[in-house]
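What follows is calculated from the coordinates using simple rules that are stated; it is not laboratory data. Bear in mind the structure is a predicted one, so any value in this text is a computation, not a measurement. Because the Cβ atoms are built from the backbone with ideal geometry, glycine has one as well, and the counts that use them run over all protein chains shown.
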Amino acid sequence: MSQELPCTIERFTEVWRGNDGAELLSVIIEYPVLNLCGTPARKINAYYTRRNNKFAETCKKILLTRSSETSNTPLKVTLTTRITFIGENLVSLLNLAEFGGAAKSRVCADLWSLESGAPLPYTSLFPEVRNPKRHILNLVRSEIERQPERGFRTFYPGALKRLRSAFSVQNIFLNSQGKAVILFPRGSIASDVCEFVIN
């Protein structure tokens, strides 16, 4: 059962301009800060502070030159992190980075221990499963095979063959009910984002 823990949403923007003053690149970052006492929360908050600074600097190094050389339109990059689940012992977060629009986006998840402030491996969500990756892929495979009877989602032809290469441990998070979910990004096994609840 999820319990609500205090957090605030922080947001900051960095803008870089060319010699003529025109905007070339803006980076917008929105992320939660845990308002909890103790070392674990401080460690987690410190991680996101470092991550955000590194993300902005990486965008500056890689995208600023590219933006000034290829287009007169400023490039906008957003990094949004949201909490998907908070329990007594752990917190799950989902990160969405968008580069100039939804067509160029990247999603990854973070799982943290609220007891130690250390990241947790996805396998910790499946303590009784010997091979979590095989378990997840088998579940997704059976869902895709049931597509004709479900009738509301169209997977790519050959989606079953793409599963292993499309699988990423960084795309596993907990939903608001505390159930593990595997996310497949847009364009990996279907034209849209696919999420599967893992039982």
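Please build a GNM for the chain, connecting alpha carbons under 10 Å apart, and tell me which residue among ASN45, ASN95, ASN53 fluctuates the most.
Highest fluctuation of the listed residues: ASN53.
Counting other beta carbons within 10 Å of each residue's own, what order do TRP16, TRP112 fall into, fewest first?
TRP16, TRP112
Which ordering of PHE12, PHE184 is given by a fewest-first count of other beta-carbon atoms within 10 Å?
PHE12, PHE184
What percent does the relative contact order of the chain come to when contacts are Cα pairs within less than 8 Å and at least six residues apart?
Worked out over the chain, it gives 17 percent.
Evaluate the distance, in nm, between pseudo-label points positioned 7 Å from the Cα of SER105 and of ARG11 along their respective Cα→Cβ axes.
1.7 nm
A 31 angstrom limit on the alpha carbon distance is what I want to check against. Which of LYS43/LYS133; LYS76/LYS161; LYS43/LYS179 exceed it?
Checking Cα-Cα distances, LYS76/LYS161 exceed 31 Å.
On a full-extension model of 0.36 nm per residue, what is the gain between LEU139 and ASN53, subtracting their alpha-carbon distance, rounded to one decimal in nm?
That works out to 27.2 nm of additional length.
For the pair GLU195 and LEU96, how long in nm is the line joining their label points, each one 7 Å along Cα→Cβ?
Taking the two extended label points, one gets 1.0 nm.
Using +1 on the beta carbon of Lys and Arg, -1 on that of Asp and Glu, and nothing else charged, what's the dipole of segment 123-197 about the Cα centre, debye to 20?
Approximately 240 debye in magnitude.
For the chain, what does the helix formula give at 222 nm: sum of -39500 (n - 2.57) over DSSP H segments with n ≥ 4, over the residue count, nearest 500 deg cm²/dmol?
After summing the helix terms and dividing by the residues of the chain, the value is -9500 deg cm²/dmol.
Below 8 Å between Cα atoms, with a sequence gap of 6+, how large is the relative contact order for segment 107-195 in percent?
Computed over segment 107-195, the figure is 26 percent.
Once the dipole of the chain is set up with Lys and Arg at +1 and Asp and Glu at -1 on Cβ about the Cα centre, which of ILE86, LEU139, ILE198 lies farthest towards its positive end?
Selected residue: LEU139.
Using modelled amide H (1.01 Å from N, peptide plane; none on Pro or chain starts), what sits under 5 Å from the amide H of ALA190, excluding residues fewer than 5 places away?
It is TYR156, by chain and number.
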